[in-house]
Each structure stands twice: as C-alpha cells, then as structure tokens.
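Below is one structure, written out as structure tokens, with a few remarks after it.
The values are calculated or read from the model by the stated rules, or taken from the named source; none is laboratory data. Note that this is a predicted model, so its numbers are computed, not measured. A quick note on method: Cβ atoms are made from the backbone with ideal geometry, for glycine too, and the neighbour counts reach across all protein chains shown.
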Amino acid sequence: MSEPEPIISIRGLKKVFGDQTVLQDVNLDIRKGETMVIMGGSGSGKSTMLRLIIGSFPPTEGEIRLFGQNICGLKEAGMNKVRKRFGVLFQSGALFNSMTLAQNVALPLAEHTDLDQMIIDITVKIKLELVGLREHADKYPAEISGGMKKRAGLARALALDPEILFYDEPSAGLDPVTSAEIDRLIVDLTKKLGVTSVVVTHEMDSAFTIADRMAMLDKGRMLRVDTLEAFDAIRKLGDEEAAGRPHDERLIRQFLRGDAQGPITERKAALDYAEDLLGMSPEERPMAPSIEPTRVVTKSRIISKDDQPE
C-alpha cells in the first residue's frame, strides 16, 4: 500500500539573494498530522525556507507543493486562497498593538469570511480558550507578557481552522517555564485539532519535546531528515563512537548537544580572518601595516616610539 501524498512537498529548492546562496537543492516531505521540526544554527536557511513555504517570496529554483498544489508562480489571488488553509505564529507574535486580543483574533474572520458578528465573537472566545487567554480578551498587547503574546498570536493563527500551523521560533525570548508551556500547547493542539505542525527552531529542549520527525539544515543544505528517535540516538553517541562517524553526523551531534568543540567550531576556526573581514585572498593581503605604529604597549604603560629604549 502506497503512502498518502504529503501535505507539503519540497523538491530541488534553491534561493539566492544577490551573490549569496541561502538554500541549495533542499528536498523535504511533511506528512499530514505530524509535527516536523526544522532546525539549524543561525544563518542555516531555516527561516528563509519557512518564508518560501508560506509564499512570502518565490524560490530561485525548485518546487513547493502545499495540499498537492505547486505554489511557485501562483498569482497573489491564488496564493491567498492557499494561505486561508494555514496559520502562522510569527516569532514576536506580530499582534496589532492598537487592537485588543479579541480584536486581533477576530481580524482574519472579519477579513476572510462572511460570518455574522455573533458567530465571530463566539469563535474568538473558543480560540482564546484553546490557548488559555479567554479571560484576557479585552487586554491590549502592551498589557500582557511575552508568553501571552505568543499564545494570542497562536489563537489568531487558529482563527480560520487551518490544516497546517507554521511556528517561527515559538520559544525565542521566553523563560524556561513559559517555553515549556508553549511546547505543551503545540503538542496538545496538534493532537486535539489534527493539524500538521511545522516548527522552525534552534531550541533543542523544545525540539525534542514536540517533534515527530526532524530536519537539520546547515549552510543552506539539508543534512538529514529522520525520526525523533534517530536524532536522539545521534545526540547520545559517546565521544569515541562519534569520532568514527561521518562528518555530517558529527556536525549534527555537536549541534544537538551544544558542545563547544566539534565540526562546527572547527569550521569557524578554519576561516581565514583577513579574507573574511577584508575580502582578500592570502596572496593579496599586505605583508606589513600600511601605517608604522608610533607607540608600543608594555605591561605597565604605553610609551611613544621615541621613548623606546635603545
């Protein structure tokens, strides 16, 4: 029996900004009803990938299919129809400060449906109750905490009963307890509502709490897509066993564990500083300073060149 068509399918995805390639030949399938965690360090391309999937800008090359439809090249009207089928929780919550929480959640319903106001009001209360904020409906974003803003943003993302929920760094900037509450909420909503969740994060505690499967990006390339258990096995490798593993696996292990030493830090140390800073190759680099120093530093004081001992 063949597997059902993935709800999100990405093939040969490439994104170039100017002369910088941010994503290169990325492939990924996300199944209906699962929680997929997309992880990677800063600059790995994970946030760019999320924005490509939600249609914020087009890819340079490749194909992105949502609900079986190729969204690459879709006109805005067609893309808007697709967007009604998914919700996005942005990193900051992205609430409108001039609106109450209830008004923020009601906005998608008012803009994209013909529902009677009474039905909208009931729906808003239901969505706020799902995230534990019904009693705060009349508060403004400035009157609530960062964690509450995230939950209010999630209630708004749920307003149109989406089939997919995208989360951009849902735990960023939160204390450990609030972060754990957001993680539990993601798991609960995925189970209760049957939605597909796609979570972009570099917070490993959150990732291993919520994921069914995980995808690891590094410098724009997809290193591995596998189950939570497979990544956990890599994380738990001992030093001797890890030493004999392939480079990419050792890189994944270092990232998952947050180790200070490993392929990631070795790569950073190997970068030629002058070339990175000045854009010069070693052959082009000046052999001596362009200005002769007029003073030298001793352990106790700074003395001028003319005062240096003979």
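For this structure, a couple of remarks:
- Gly194 under 18 Å from Leu158 (Cβ atoms) and in contact with a Gly (Cβ under 8 Å, 6 or more places away or on another chain): yes
- Among the residues of region 1-48, those identified as acidic (Asp, Glu) and either touching a Phe, Trp or Tyr at 6+ places or on another chain (Cβ under 7 Å) or part of a loop (DSSP other than H, G, I, E, B) (or both) are Glu3, Glu5, Asp19, Glu34.
- Failed criterion for Glu129 (all others in (1) more than 24 Å from the chain's Cα centre (by Cα); (2) surrounded by 12 or more Cβ atoms within 10 Å (Cβ to Cβ); (3) farther than 17 Å from Ala159 by Cα; (4) not aliphatic (A, V, I, L, M) hold): (3)
- Taken over region 65-108, the criterion of being more than 20 Å from Met49 (Cα to Cα) and either aromatic (Phe, Trp, Tyr) or assigned to a strand (DSSP E or B) (or both) is satisfied by Phe96 alone.
- All told, Arg51 falls short of being under 21 Å from the mean Cα position of the chain (by Cα) and either in a strand (DSSP E or B) or more than 30 Å from Phe208 (Cβ to Cβ) (or both).
- Qualifying residue in region 243-265 (condition: within 27 Å of Leu128 (Cβ to Cβ), modelled with pLDDT of 90 or more and either part of a helix (DSSP H, G or I) or β-branched (Val, Ile, Thr) (or both)): no
- Flag for Ser179 being closer than 27 Å to Met99 by Cα, assigned to a loop (DSSP other than H, G, I, E, B) and either of a type outside the set (Ser, Thr, Tyr) or out of contact with any Phe, Trp or Tyr (no Cβ under 9 Å at 6 or more places or on another chain) (or both): no
- Output for region 132-146, where each listed residue is crowded, with 19+ Cβ neighbours inside 10 Å and either touching a Cys at 6+ places or on another chain (Cβ under 8 Å) or closer than 16 Å to Ser92 by Cα (or both): Pro141
- Of all residues in region 231-253, those satisfying the criterion of being exposed (fewer than 13 other Cβ atoms within 10 Å of the Cβ) and closer than 19 Å to Ala211 by Cβ are Ala233, Lys236.
- The set of residues from region 39-67 being touching a His at 6+ places or on another chain (Cβ under 9 Å), under 18 Å from Ser197 (Cα atoms) and either of a type in the set (A, V, I, L, M, F, W, C) or surrounded by fewer than 17 Cβ atoms within 10 Å (Cβ to Cβ) (or both) comprises just one member, Met39.
- For region 117-153, the candidate set comprises residues that are among the aliphatic types (A, V, I, L, M) and not in a helix (DSSP H, G or I); within that set, the residue that is nearest to Ala106 (Cα to Cα) is Ala137.
- Some residue of region 187-198 being aliphatic (A, V, I, L, M) and in a strand (DSSP E or B): yes
- Any chance Glu111 is outside any strand (DSSP E or B), farther than 23 Å from Ile210 by Cβ and either in contact with a Gly (Cβ under 8 Å, 6 or more places away or on another chain) or not hydrophobic (A, V, I, L, M, F, W, C) (or both): yes
- Residues of region 199-231 satisfying the condition of being closer than 21 Å to Phe86 by Cβ and among the charged types (D, E, K, R): Asp212, Arg213
Let's see how each residue does on (1) modelled with pLDDT of 90 or more; (2) surrounded by fewer than 16 Cβ atoms within 10 Å (Cβ to Cβ); (3) touching a helix residue (DSSP H, G or I) at 6+ places or on another chain (Cβ under 8 Å):
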position	(1), (2), (3)
Pro162	yes, no, no
Phe166	yes, no, yes
Ile182	no, no, yes
Leu185	no, no, yes
Val195	yes, no, yes
Val198	yes, no, yes
